[in-house]
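Comments concern the structure below.
Nothing in this text is a laboratory measurement; each read-out follows from the coordinates by a stated rule. Note that the structure is predicted; figures quoted are calculated from it, not measured. Cβ: placed from backbone, ideal geometry, glycine included. Neighbour counts: every protein chain shown.
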Amino acid sequence: MIATKGYAAQTKDSGLAPWNFDRREVGPHDVQFDITYCGVCHSDLHQINGEWGGEIFPMVPGHEIVGRVVAVGSEVTRFKVGDLAGTGCMVDSCRNCESCQKGLEQYCLNGNTLTYNSLEQDHKTPTYGGYSNTIVVNEDFVLHISEKLDLAATAPLLCAGITTYSPLRHWKVGKGHKLAVLGLGGLGHMGIKFGVAFGAEVTVLSTSPKKEEDARKLGAHNFIVTSDPAQLKSAMGYFDFILDTVSAEHDYNQYLALLKTDGVHICVGAPPTPSALTAFSLIPGRKSIAGSNIGGIAETQEMLDFCAENNIVSDIELIDIKDIHPAYERMLKGDVRYRFVIDMATLK
Ligand code: NAP
Ligand code: ZN
Ligand code: ZN
């Protein structure tokens with residue numbers, strides 16, 4: 001076993017505190033890498049707070065993980081000691097079902113293994129995430145990270161990046177499209193960057209008027225404050241796509257009204273509470289409401305390579321792991337500019 005240091009929530013309401021645990025020895029197909037940086041996703045907060053149900057405690061959150069390889073198994077061919085490596089939200093899947101065969105491990109029909117708050121494919125060993133000093137992952141779920149990009153700012157690509165890249169690619173969002181990014185946080189700011197890179201006209205829909213200047217610096221063409229009815233009205237029937245990254249309860253009907261005929265409202269934000277949807281928000285404009293979950297492993301590598309080529313990283317605030325709770329508090333208030341990343345050197 002590999003002695004590992006991390007931060008864990010012991011129960012639903014405990015918050016995080018230092019916790020030592022063991023990781024498995026490096027198997028023939030495994031890569032071990034020491035974690036340099038780990039991004040802080042709103043999903044970490046939803047899960048340590050037990051908001052989605054079915055949580056497994058103790059829970060070590062973190063699924064935007066980058067670092068350097070320190071050991072590889074005898075059969076490993078794609079990595080060597082010293083390489084940069086990354087892991088996102090998944091560490092394994094069944095590999096046999098229709099989704100896995102198509103490279104859509106995020107939709108594994110037999111249940112994939114998430115990086116934390118999940119069970120290995122033996123259906124009994126819990127997984128522990130990236131708020132820790134080292135990790136052991138099957139090489140098929142380890143990503144290559146470019147040496148060209150700022151490493152700390154690359155970490156959030158592993159979740160916030162792929163979660164926005166994948167739906168924009170799936171719906172072929174690009175030139176000639178009007179894209180709204182709803183909610184300007186970790187996912188939202190990456191949604192702007194990819195939307196702009198793919199050639200779409202990007203509008204941010206935000207509850208925070210103070211974020212307008214940042215939105216424009218990130219590349220957004222327009223900015224709408226959603227609490228202002230006049231601004232919302234001016235955008236009725238305007239968008240081809242809405243990329244909805246909002247983490248808390250909100251009224252989908254209100255935003256569906258902003259779509260054109262055949263427009264698609266793509267949910268990536270995962271509020272814990274159900275929401276009422278009237279069919280009359282969809283029927284008149286033949287509109288769709290859809291969801292999207294992270295991205296497959298091959299697509300995650302494609303996204304990382306695209307980012308390296310186009311010099312795309314996240315805008316981050318680097319934090320000491322001891323400051324994780326104040327960071328969560330700011331995240332809850334929508335005060336993220338635009339991703340917290342933990343400097344794992346601060347984990348003593
Ligand atoms: P985040 O950084 O906290 O950003 C969320 C943003 O939503 C906030 O900055 C805020 O933007 C807006 N917002 C928050 N509360 C709101 C409210 N009550 N009404 C309207 N807008 C509100 O969170 P994140 O890390 O980007 O994650 C966003 C959501 O996506 C979370 O629910 C997370 O669990 C989920 N997620 C899903 C996937 C997936 O695969 N589908 C992957 C990762 C994360 P403004 O200030 O601009 O209004
Ligand atoms: Zn995430
Ligand atoms: Zn599968």
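So the values come out like this:
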| quantity | calculated |
| --- | --- |
| Which of Arg286, Arg339 has the fewest Cβ neighbours within 10 Å, and the rest in rising order | Arg286, Arg339 |
| Pairwise FRET efficiency - His325 versus Glu75, Cβ, R0 = 41 Å, nearest 0.05 | 0.50 |
| For region 308-348 versus region 58-89, the gap between their alpha-carbon centres in whole angstrom | 20 Å |
| Exposure proxy order (Cβ contacts within 10 Å, fewest to most) of Met344, Met236 | Met236, Met344 |
| Simple label model, 7 Å out from Cα along Cβ direction - Gln10 to Ser227, nm | 3.9 nm |
| Square roots of 5 times each gyration tensor eigenvalue, C-alpha, region 130-248, largest first, Å | 30, 16, 13 |
| The chain, dipole about Cα centre (Lys/Arg Cβ +1, Asp/Glu Cβ -1), debye to the nearest 20 | 740 debye |
| Highest-fluctuation residue, His265, His325, His42 considered, GNM on the chain with Cα pairs under 10 Å | His325 |
| At R0 = 41 Å, FRET efficiency that the Cβ-Cβ distance of Ala248 and Tyr107 yields, to 0.05 | 0.95 |
| Kirkwood Rh (inverse of mean 1/r, distinct Cα pairs), the chain, angstrom | 20.5 Å |
| Theoretical gain in end-to-end length, Ala298 to Leu119 [0.36 nm per residue, Cα-Cα removed] | 62.2 nm |
| 3J(HN,Hα) from dihedral phi, region 204-209, Karplus parametrisation 6.51/-1.76/1.60, rounded to Hz, x for glycine, proline | 8, 10, 9, 8, 10, x |
| Sequence of Glu105, Glu249, Glu212 once ranked by neighbouring C-beta atoms within 10 Å, starting from the fewest | Glu249, Glu212, Glu105 |
| Inter-label distance, nm, simple model (7 Å from Cα along the C-beta direction), Asn20/Leu332 | 3.1 nm |
| Cross-link reach list, aspartates and glutamates versus Lys5, counting only Cα pairs under 12 Å and skipping chain neighbours closer than eight places | Asp22, Asp34 |
| Of Lys80/Lys348; Lys175/Lys260; Lys102/Lys178; Lys172/Lys260; Lys172/Lys233, pairs whose Cα-Cα distance is over 23 Å | Lys80/Lys348; Lys102/Lys178; Lys172/Lys233 |
| Förster radius 51 Å - calculated FRET efficiency between His170 and Ala3, Cβ distance, rounded to 0.05 | 0.80 |
